[in-house]
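Comments concern the structure below.
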Amino acid sequence: MSRRALLPSTFPSTFPSAFPGALPFALPFTLPVSPVAATLLAALVALTATYGQAWAQDSHAGHEHPMRHEQDDRGDVQTQNEGQGKTQPATPPEMRDPHAYSDGYVLGRGAYALGEQRQLHLADEHNFGGLRFDNLEYVNARESDGAHYDMQAWFGRTYDRFLLKAEGDVARGRLHDSRTELLWAHAVASYWDIQSGVRHDYGNDNGNRTWLAFGVQGLAPYWFHVDATAYLSGGGRAALRLEADYDLLLTQKLILQPRVEGNFYSKSEPERGIGKGLADASAGMRLRYELSRQFAPYIGVEWKRKFSHTASLAEAAGERVSDTRWVAGVRFWF
C-alpha cells in the first residue's frame, strides 16, 4: 500500500468532537483536505471561538476606563482605574510640601493674622473725586465782553456718585445768568448714568428759581457725548435741556469739538424773558490743543439765537435776537 493511501482523502464531518468548543454544530459536508491542514484549521477555529467569548464577556473591552482621584493620608493624589482597580504611584515623598515654608502659620490666625477686616478693596469700592472745566473762557460779543464757565465736579464710586454741575455768564462784574445743579448719578450701563437732584438758577437778569432735575448723561454710539435733563418747578412749570458734542481728532493733540445746546420751556414767563417752546439754542466749534491730557487751551466761535415767543420778548425789550461770540479759553481737569 502506498503512503498516499494511508492518508485520508476527506475530512470527516465529526471533527468538532475532537476539539470541544470549536464549533457548536456539525458540518453537513466533508472537506477534502490533508490531516495537517485539518489540524491547523481546527486549532484556528478553536482559538478564535475561545478568545471571542472572553472579549464578549468584557463590556469595556477596547474602551478607556474613567479615572478617579483619591486622597491618601499624606495629602498626595492617587489615580485609580475604576475598571481594573489599579492605583498609580502616589506623589513621591521627596517632593516639596507646599506648606513646609509657612512655619505653621495660616491666614487669619497666629501672630501675623490680619484680622477679620478686609485688607484688599477693588477700585469700584473706593471713593474718588474729580473736577473738570469744559469751558473757562473769555467771550467777545457784539454788545459786550465777558466770561463764561462750564464745569462739573464729582465724588463717589464707580456706580454711585455725587455730581455738581455749574454754568454761567459774567459781564461787567455781574453774574447775569447761572445754573447750578446738585445731582446723584447712578451708572446703569457701561457708558450711561441716570441723574436726579435739584437745580438752582441765579442771576440779575432772570432772577432765582429752584427745580427738580431728572436726566441722563453718557456716550452715545459713534462717540457723541449727550446730556439730557428734564426739570420740574412750582406752578406746573417744566423745562428740558439738551446738549451734545463730539471730539474730532485732527491729530492726537489737535481736536475740533462741535457742540450744540437747546432749552425748552412749558410755560411763558415774560418777567424772566422766557417764552413757551424752544426758547434759545446755540451751536459752536472750539479748536483745542492738548498740551497734556489734563490741560488744553482753545479758541472758537459760537452762534446763539432766541426763538418763538422768547425772541418776541427780547425784541420788545430792545435786545438782540441772535449773536455771534468769539471765545478763547482753557479746558482742564484733575
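The values are calculated or read from the model by the stated rules, or taken from the named source; none is laboratory data. Note that the structure is a prediction, hence the values are computed from the model and not measured. We place every Cβ from the backbone using ideal geometry, glycine too, and count neighbours over all the protein chains shown. Each accessible area value is taken on the protein alone, full model and side chains, heavy atoms only, with ligands, DNA and RNA left out. Shrake-Rupley method; radii C 1.70, N 1.55, O 1.52, S 1.80 Å.
Here are the numbers for this structure:
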| quantity | calculated |
| --- | --- |
| Selection from the range 271-283 of residues that are more than 18 Å from A244 (Cβ to Cβ) and at pLDDT 90 or above | I274, G275, K276, G277 |
| The range 228-260, residues that are farther than 22 Å from A296 by Cα, touching a strand residue (DSSP E or B) at 6+ places or on another chain (Cβ under 9 Å) and of a type outside the set (A, V, I, L, M, F, W, C) | T229, Y231, S233, G234, R237, R241 |
| Selection within the range 110-143 - among the aliphatic types (A, V, I, L, M) and surrounded by 14 or more Cβ atoms within 10 Å (Cβ to Cβ) | L136, V139, A141 |
| Pick from the range 297-321, criterion touching a residue at least 40 places away in the same chain (Cβ under 8 Å) and aliphatic (A, V, I, L, M), ranking: surrounded by the most Cβ atoms within 10 Å (Cβ to Cβ) | L313 |
| Residue within the range 238-246 that is touching a Gly at 6+ places or on another chain (Cβ under 9 Å) and open to solvent by 40 Å² or more (accessible area, probe 1.4 Å) present | yes |
| Long-range neighbours under 9 Å by Cβ, at least six apart or interchain, first residue farther than 24 Å from L136 by Cβ and part of a strand (DSSP E or B) within the range 150-162, second small (G, A, S) and modelled with pLDDT under 95 | none |
| Residue check, G146 surrounded by 15 or more Cβ atoms within 10 Å (Cβ to Cβ) and under 16 Å from R132 (Cβ atoms) | no |
| Some residue of the range 268-285 being more than 23 Å from H225 (Cβ to Cβ), in contact with a Pro (Cβ under 8 Å, 6 or more places away or on another chain) and assigned to a helix (DSSP H, G or I) | no |
| Residue satisfying all of: in the range 198-219; of a type in the set (G, A, S) and open to solvent by less than 20 Å² (accessible area, probe 1.4 Å); farthest from R272 (Cα to Cα) among these | G218 |
| Counted residues, the range 167-194 - those being under 24 Å from L287 (Cβ atoms) and either open to solvent by 60 Å² or more (accessible area, probe 1.4 Å) or at pLDDT 95 or above (or both) | 1 |
| Search result, residues across the range 254-296 that are open to solvent by 60 Å² or more (accessible area, probe 1.4 Å), under 30 Å from the mean Cα position of the chain (by Cα), closer than 19 Å to V330 by Cβ and free of Cβ contacts under 8 Å to residues at least 40 places away in the same chain | R293, F295 |
